[in-house]
């Protein structure tokens, strides 16, 4: 049996080191890579199901074409034909509009390996085009973190094991980051306290020593209230405040004058003595980790909430640089040139830049484009018709598009609405290089098996399609099609990367994943002064935006939360029988209050609705859910995101998607309703 | 001749002593001299405790006795009359190091008290036995002079005991593996079993049956593990006393005995087994364990490769015995219970519901005692008078109740078949199937 | 002939399990069982704690007792193993087992169950489920020699252990403070 080394490329904190066991070119089983210091030889349930992912009966085998779009009338075509059709369209659009702006893509994180930026590289190589910008996931928080700390690199997450207290705000590692749990529980075994603050009684909350349930979106209130108590009792780190912060006076005044503890209790729904318990944790003289989950910033107050939590975390804890650890995410990719993503566009005589659309409002913005309109859309590493919100906008966009190409391993909701679907390779069938947005390890991903039927990697498709274009129209693309995957990887290992990860060549990575050297707190980071919470631009006295009681929201009284489920990532892994034991029906969790108010019993068929649409589901009544919260897991056959509409924020900065700001109502299912 | 002083340093005869002028530790001059008698003792230890005993006795010209911790004599030398050990100074209550002290003791030789000195034999911090030297009318100075050699001999004895212990453990482990395989039917060849059995002197051409002794509510994480150890020891002793070579093994919470059946007659065999169990129980009573020991006996098997069946039967008998409060449950002696216990759970439940379900429901709704009354009636062979006595109720009250029962069940209680069903249903409940 | 009689058994620490299911799927990955066959099962207990159970390789296995084909053996290391050549798929063991360990495999039409990865153990590796448990909530030891006063024989929600004497031990959960919204 041959063994190869891999990195799990899913959009997940853990980016696990993985080994594959190959017999006669077939994947027999997988295991964790014991040399990977983060996952330490283990995988999660999804990871252990990879044999079913690779050899899944639903996996796409060949390029296929559908006429007309959406009819289900599929026909197998050759790669040649697929490339020809796509190239024809790109060239024709170029001729029609004088540039490639009518061609664009929608791509995100289906595989976060560095070589999957081939999609961006491919479009860059044809000059100005239409591209999505932003990050639906974690950018609001990232900006808040940079504002507070001046940088994004948090301590190694392995070090959580050494903490004396761990406070988790709105993260649920028991579901979304299982490998972190061992470090948390190791600390707990040694006597550390684990505190979880969340509106939902999650699996992580269930393991906590102290669980504090909070009204959704009010974490900032809690943090400021706790900070006020900390300051009042003078148990904050005064030396730190004097030397390491820029706006202490302003903050102090703000807390004194504007933060009313009664209001804090009212907003958060948390009793004062519970807040005091939290303060006692933060005023301990021992190392204490604060972890801010991505859920915190999925609402309109996201940035402010994070800034307030950061402030509480550094005020208490007798911080110093060492003990100041707020975990959010680690931007490991910043160390790399990411040559494919940053591939330089050839100049266009007239059009100077590519056209950028906010990915969080992609469909709506894209359908508004003129001169030229968007006509060709390339969807890869993403399933917007399940993951995005605002499906109506997608439908109208699709009506405008002349060619939709989707690259995927499975027939997703988006693929179903495409003209051409190209089969993508799994990570066992391609080479790649992976870093994490959480831990500090670098891994290589080897090619272990031949591609499944005719599947190809994104990079391979880019190489072949660009070559085809250049054959037709010499010099159309500047993509270096001759460059092999290993060449691209070599180019990522710049001298500074090699130093940072102590590698000399690729072979070192084949021996095992490498850990990034901890930066010794250099002068630049210690000279940075922390920015405490501030209420924002002068003159605007709104500190937190309250959920407004408009007429619309009167009729949709429940707040919709849509967390990840354990055995899926969005819609990925939906077709794996090991992970879907019971024929799963969509389940909506509602509070006893909501059930009683609407006469709903456990197991009833219900419908969840708002102005954007409705979905049917089976009711599960939870005694742990806040009264006005409704909870639905992501993805499924009838994706919940149908009910979610992104409200663009007032400032023009990039922001994450406000998935958790949607209001809904619920009622018993009626067979004939309009 | 070299003699010994109490602190254990050697005193040389003048001729052998290194000259005072050569005080320095010169390796060439100051050879590490091992006296002959130490060598002799060491060589003698090849012959076990007996060897050590004999050599020491000839060396000191005194009688030597080696005993186990309970003063059972393991080896003696130069003992003329029967010697008893009366008491020991400082009973070695606190055993600390591996080096035993030498203390005085009193012995009785043929009824006459004599003096002695004694050293404990200690292995791994546990007392394993004693070494006695019988001395008579000897000066304290002499006693002091032989302290050290006795301590040395005692250390040799402990080494010897370690060898024995290891050997025993080793054999015991092979033995356990063999018994284990018999109990789970892992050995399929009769010949193989018979020849393996011969190693320990067991005759598997004879019939055997399995007897299980179990500690009720065994708690692994308590003193119970030790209780099982002493029970195992006890059972082996009782077997030896009955002239049987013990075939037994400890398992978690239980001891399994493969018991050789004495003869052909079943009644007689049962009697012998009952007697054996009674003896074990009597012994256990002394150790205050009898109330927690329950037992079960499988059927005899002439084929050793099928002993695993007997083991399973013994366990069923044990469980059923506990549930029905049978003191010595023979699998053979179980009647209906045997069938019910093994029978398909769902089917048994349905049968119970069909027979008594209505009555149970009626009691629940009305808070009645009809089930309880009926159960006593069944237990008293459907004898009204006996039942009335047992329940301290008037016969008329009972008659009234049974009429009610007949109404609810829509059955006649004097019908034999109805009675059979009711009895069976109650047994099902007793067996905690419901 | 081997020397030691062992009783390999699982030890489950309730406090360290958060129901991630890695053990269950790692078992499938190792043994490539059919999707309806669950040798190991993770379930939610009362109090929002979880339980991961497979065959407990009982001291007195009911499966062993009821099997009409005598297809079960208990190995010297305590592992209860089913010989699929002898199994006729009658299903008696499936009904008899209080822990739901034997599973009917619709492909082979026979019963199959956890064998504690003895092929792995023979190579000195832990069972796949144990290896996969990132918090070491699930471990395995020789219960004949291993003993810890903090362990208990059963926990609320675990089936009656009297009948079969399963080779599993538990560490119970610690207490927690929970503040729910009113």
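The values are calculated or read from the model by the stated rules, or taken from the named source; none is laboratory data. Everything numeric in this text was worked out from a predicted model, so none of it was measured. Because the Cβ atoms are built from the backbone with ideal geometry, glycine has one as well, and the counts that use them run over all protein chains shown.
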Can you spot a residue in the stretch A:74-82 that is farther than 27 Å from residue A:490 by Cβ and in a loop (DSSP other than H, G, I, E, B)? yes
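crowded, with 22+ Cβ neighbours inside 10 Å and over 17 Å from residue A:307 (Cα atoms), is that true of residue A:167?
Spelling it out, it is not the case that residue A:167 is crowded, with 22+ Cβ neighbours inside 10 Å and over 17 Å from residue A:307 (Cα atoms).
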With respect to the numbered conditions (1) within 9 Å of another protein chain (Cβ to nearest Cβ); (2) in a loop (DSSP other than H, G, I, E, B), which one is the sole condition not fulfilled by residue C:131? (2)
Given the structure, is residue C:174 within 12 Å of another protein chain (Cβ to nearest Cβ), in contact with a helix residue (DSSP H, G or I) (Cβ under 8 Å, 6 or more places away or on another chain) and in a loop (DSSP other than H, G, I, E, B)? yes
I need the full set of residues from the stretch C:17-31 which are more than 7 Å from every other protein chain (Cβ to nearest Cβ) and more than 14 Å from the chain's Cα centre (by Cα), in order please. C:17, C:31
Just to check your reading of the model, which residue among A:115, A:93 is out of contact with any helix residue (DSSP H, G or I) (no Cβ under 9 Å at 6 or more places or on another chain) and over 14 Å from residue A:421 (Cα atoms)? A:93
Looking at C:14, C:42, C:66, C:5 in this structure, which one is within 12 Å of chain A (Cβ to nearest Cβ) and farther than 19 Å from residue A:580 by Cα? C:14
The one condition residue A:577 fails out of (1) in contact with a strand residue (DSSP E or B) (Cβ under 8 Å, 6 or more places away or on another chain); (2) within 14 Å of chain C (Cβ to nearest Cβ); (3) more than 17 Å from residue A:639 (Cβ to Cβ) is (1)
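Results for (1) surrounded by 13 or more Cβ atoms within 10 Å (Cβ to Cβ); (2) out of contact with any helix residue (DSSP H, G or I) (no Cβ under 8 Å at 6 or more places or on another chain); (3) farther than 30 Å from residue B:297 by Cβ, shown as yes or no for each residue.
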residue	(1), (2), (3)
B:318	yes, yes, no
B:328	yes, no, no
B:331	yes, no, no
B:340	yes, no, no
B:352	yes, no, no
B:356	yes, no, yes
B:360	yes, no, yes
B:365	no, yes, yes
B:395	no, no, yes
Residue A:249 is checked against (1) over 20 Å from residue A:141 (Cβ atoms); (2) in contact (Cβ under 8 Å) with a residue 60 or more places away in the chain; (3) away from chain C (no Cβ under 14 Å) and fails just one. What number does that condition carry? (2)
Could you look through the stretch C:69-94, keep only residues that are farther than 21 Å from residue B:187 by Cβ and touching a helix residue (DSSP H, G or I) at 6+ places or on another chain (Cβ under 7 Å), and pick out the one that is nearest to the other protein chains (Cβ to nearest Cβ)? C:92
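Could you tell me which residue of the stretch A:18-56 is farthest from the other protein chains (Cβ to nearest Cβ), considering only residues that are part of a strand (DSSP E or B) and farther than 14 Å from residue C:25 by Cβ?
So the residue we want is A:22.
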When you go through (1) closer than 27 Å to residue B:309 by Cα; (2) within 11 Å of chain C (Cβ to nearest Cβ) one by one for residue B:237, which number turns out not to apply? (2)
Would you list the helices (runs of 4 or more DSSP H) that sit entirely within the stretch A:384-484 and hold 3 or more residues that are surrounded by 23 or more Cβ atoms within 10 Å (Cβ to Cβ) and modelled with pLDDT of 95 or more? A:458-472
All conditions in (1) surrounded by 22 or more Cβ atoms within 10 Å (Cβ to Cβ); (2) within 26 Å of residue B:185 (Cβ to Cβ); (3) facing another protein chain (nearest Cβ under 10 Å) are true of residue C:55 except (3)
Residue C:136 fails exactly one of (1) within 14 Å of chain A (Cβ to nearest Cβ); (2) part of a loop (DSSP other than H, G, I, E, B); (3) buried (at least 21 other Cβ atoms within 10 Å of the Cβ), namely (3)
Of those in the stretch C:147-171 that are assigned to a strand (DSSP E or B) and either more than 14 Å from chain A (Cβ to nearest Cβ) or modelled with pLDDT under 85 (or both), the residue farthest from residue C:99 (Cα to Cα) is C:152
Step by step: first the residues of the stretch B:159-185, then only those that are surrounded by 19 or more Cβ atoms within 10 Å (Cβ to Cβ) and farther than 23 Å from residue B:306 by Cα, then the one that is farthest from the other protein chains (Cβ to nearest Cβ). Which residue is that? B:160
Under 7 Å between Cβ atoms, which residue pairs at least 6 apart in sequence (or on different chains) link something in the stretch A:263-278 that is facing chain C (nearest Cβ under 10 Å) and assigned to a loop (DSSP other than H, G, I, E, B) with a partner that is surrounded by fewer than 22 Cβ atoms within 10 Å (Cβ to Cβ) and modelled with pLDDT of 95 or more? A:271/A:265
When residue C:165 is evaluated against the numbered criteria (1) more than 14 Å from the chain's Cα centre (by Cα); (2) in contact (Cβ under 8 Å) with a residue 24 or more places away in the chain, which criterion, by number, is the only one it fails? (1)
Yes or no: residue A:32 closer than 30 Å to residue A:332 by Cβ, surrounded by fewer than 19 Cβ atoms within 10 Å (Cβ to Cβ) and at pLDDT 95 or above? no
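For the stretch A:149-178, name all the residues that are farther than 19 Å from residue C:16 by Cα and in contact with a strand residue (DSSP E or B) (Cβ under 6 Å, 6 or more places away or on another chain).
Of everything in the stretch A:149-178, those that are farther than 19 Å from residue C:16 by Cα and in contact with a strand residue (DSSP E or B) (Cβ under 6 Å, 6 or more places away or on another chain) turn out to be A:154, A:155, A:169, A:170.
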Test for residue A:309: is it closer than 16 Å to residue A:196 by Cβ, assigned by TED's automatic domain parsing to the domain that holds residue A:219 and part of a loop (DSSP other than H, G, I, E, B): no
